[in-house]
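Read through the structure below, which is laid out as structure tokens, and then see the notes.
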Amino acid sequence: MPMTALDSPGSAVVAGESSVASASKPRRVRTGCLTCRERHLKCDEGLPHCLNCKKSGKTCRRGMKLNFHWMDVRDPAILPPTADWSVQFQDESRLIASEYKGGLGQYRAIETVAVTPSHDPVPEFNIPIDPNITMHSNQNSMLQPGAPGLYPESKGVYPESRGIGKHGYQTQEDNRHLHPHTGNEVSYMPSMAPASYGNPEAILAPPDVARGYLSDPQEVLLMQVFVEEVGLWMDSMDKMKHFSRLLPFHALQEPMLLNAFLACGARHLSLVNPLYHEDKALTYYDTATTLLLRALQNPDRDTVVCATSAVILNVYEIMSERAAQRMNHIAGARALIKECGWNARSTGIGAACFWVNIGMELLSCLHFNWQVAWEPDLWGVDMDFSQGREGGSEELWTHRMVYITGKISNFRAATPKFPEATAHEEQLRQQRRYAEWQDLKNLCDSWNQSVPRTMHPVGFLFPHQTSSKSLFPEVWLLKRSAITGRLFYHTAMCVVAQNNPMFPMPNPEMASLLHDHAHQICGIVAHVKDRGVASIALRSLALAGETLVQRDEQEEVIRIFEKVQKETGWNVTYVMKELRDKWGWISEEQMLRDQMTFNQFAGANANMSTAGQGLQGGQQQQPQQPPKMIGGILNPLLARADFSLPNHPYQAYYQPPRVHDLQGQGQYGQNYF
């Protein structure tokens, strides 16, 4: 029931007014019932019913110290369908009332015609789905049903090796959220008509209540997109697959978590389909952020839900077009993880959130040459290589390699910028760094020798043995955790080869080591069909691509990036531009501008091919220098990601939780479900 506030909340008589003035002015009733206000009668404020309502036999409705207009709004009896526009009523009164203590409790329950599933245990989870459900029969609908089909057709680019089909369902020729305008549209849920899926221009109404299951077609679509595309890589180091298999069920009872999931799903749609815009995803993102900030003001909050939601919102920010300008949760997620006491020894959701957060930071540090803000020695990783050498412990070995890569990233970022005052001091420092470098390389070698057989390739084909015309070897790894672990391993070895203090590049031994591991990375990424490793694959490929010197190999790396971008939606345009600049390539636009300038001074009869050859020759004589990376910097985005530090994240909203609440939730989140 929409309400319009006429007076601001909390208005009161200003302290300090004279008693004479207040006595001469009649006292205005602020706690009277709404019924008396509508009848313009003075209420005696009697409880539970005032005298006026008793005499008249009317319902005594209570307000919240606000002057509201009460209006009953119902759906029109007839709402003719239209093709170009739609009508939807959005009720924000409950959102407004929730700002006041006890305000939401004054509302009666929302009437809905949706069938609520029984809470009694049943042998099978069969949900009745009515294909004729429309917007007006579901109070929690978010998007108006619209045209089917969302994505351009792209055959043969998705993995077929998951046992059943492309997305773990029965084998399908195409998928609803990936292939539009196909002749035989196939839905995730065959019992639902294709036309019931969403219109990208529809008005959003984010979910704000718990539910037994998702009953809106657009919610189902966005959640499936998250599970199949985003949660896939978030779980690349989690054996339990919390984000793609467990948390979606818990999100049904947590509007904050659900809106965060839907934001990432909608954002992925906007990345791969031009019909969807980021403003749709922003609606869910803003709603989840608002719920999180409100929860942080409550000392009795569920800190586990807050930390998990912040991690997912941080993932949304990384997926954004303007990620650098929208990093509201990157430090907050880390601070909440520390507040929950999660680390490498955690289990359950605590471990899942910790590793996805650490993994994202490490990839950023590898790119920007930063030191990891959370010192790897404080993670609590089990580095006893005698443990876990049997199959089934691939995630443990991946965690160990992430730790090693973090140590190597810090070693590279701490490279001295200036020599010591004396030659003797410089020699001592160089010897200390070389000893540290040897320890890190030996750690990598020991890891590679100790991992179980399942972490090694099942097949390895040299380029001349394949029919793919690739310049890189075809490396076949079975498990996603094995792919992730080996990509981190080869990336770490590339950094090790580039940062030998005693034998720097272009030392032949180090150059050979760098070449081998860079080609291994390119071979894995070029032939992998698992989109769940896209995040680490892109960063590893960028680092390996920088070391390539052959033009044909560089061109294949660009084609790999374009293929991954088409399949996953990851925006790698800037990464490809950085690689072209570091390789000394000249862009087509720059070449055209140079040609026009040359023609202007050379005359109208200048030969264009000669001009092009002259430009190419000049480019070879003066190759563009790659930008130098700034070293020795602690990750500035996470430098203050701790609530015990000044200027901590969420400073305007954060209230410390009660200690007993944190203890009740489980130190490591193992009791979360």
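Looking only at the stretch 560-591, filter to residues that are part of a loop (DSSP other than H, G, I, E, B) and of a type in the set (S, T, N, Q); which one of those is modelled with the lowest pLDDT?
Here the answer is 587.
Does residue 529 satisfy the criteria of being in the same structural domain as residue 453 (by TED's automatic domain parsing), in contact (Cβ under 8 Å) with a residue 40 or more places away in the chain, more than 22 Å from residue 408 (Cβ to Cβ) and basic (Lys, Arg)?
yes
Pairs, please: C-beta under 7 Å, at least 6 apart or cross-chain, first residue touching a residue at least 24 places away in the same chain (Cβ under 8 Å) and in the stretch 565-585, second small (Gly, Ala, Ser)?
Hits for this filter: 566/154; 568/534; 570/534; 575/542; 579/542; 579/545.
Let me confirm something: among 383, 360, 319, which residue is of a type in the set (A, V, I, L, M, F, W, C) and outside the structural domain of residue 206 (by TED's automatic domain parsing)?
None of the other options fit; the residue is 383.
Mind listing whichever residues of the stretch 442-474 are in a helix (DSSP H, G or I) and either farther than 16 Å from residue 493 by Cβ or of a type in the set (S, T, N, Q) (or both)?
442, 446, 448, 449, 450, 453, 454, 463, 464, 465, listed by residue number.
Output yes when any residue across the stretch 243-262 is among the small types (Gly, Ala, Ser), surrounded by 21 or more Cβ atoms within 10 Å (Cβ to Cβ) and over 14 Å from the mean Cα position of the chain (by Cα), and no when none is.
yes
Restricting to the stretch 366-385, name every residue that is crowded, with 18+ Cβ neighbours inside 10 Å and within 17 Å of residue 317 (Cβ to Cβ).
Once the filter is applied, which keeps residues that are crowded, with 18+ Cβ neighbours inside 10 Å and within 17 Å of residue 317 (Cβ to Cβ), the stretch 366-385 yields only 373.
For residue 317, work out the one condition from (1) surrounded by fewer than 24 Cβ atoms within 10 Å (Cβ to Cβ); (2) of a type outside the set (Ser, Thr, Tyr); (3) touching a residue at least 40 places away in the same chain (Cβ under 8 Å); (4) within 21 Å of residue 373 (Cβ to Cβ) it doesn't fulfil.
(3)
From the list 491, 454, pick out the single residue that is surrounded by fewer than 24 Cβ atoms within 10 Å (Cβ to Cβ) and touching a residue at least 24 places away in the same chain (Cβ under 8 Å).
Just one listed residue meets the conditions, 454.
Of the residues that sit in the stretch 264-276 and are part of a helix (DSSP H, G or I) and touching a Leu at 6+ places or on another chain (Cβ under 7 Å), which one is farthest from residue 352 (Cα to Cα)?
269
The values are calculated or read from the model by the stated rules, or taken from the named source; none is laboratory data. Here the structure is a predicted model, which means the values were calculated and not measured. Methodologically, a virtual Cβ is constructed for each residue, glycine included, from the backbone with ideal geometry; neighbour enumeration extends over all protein chains shown.
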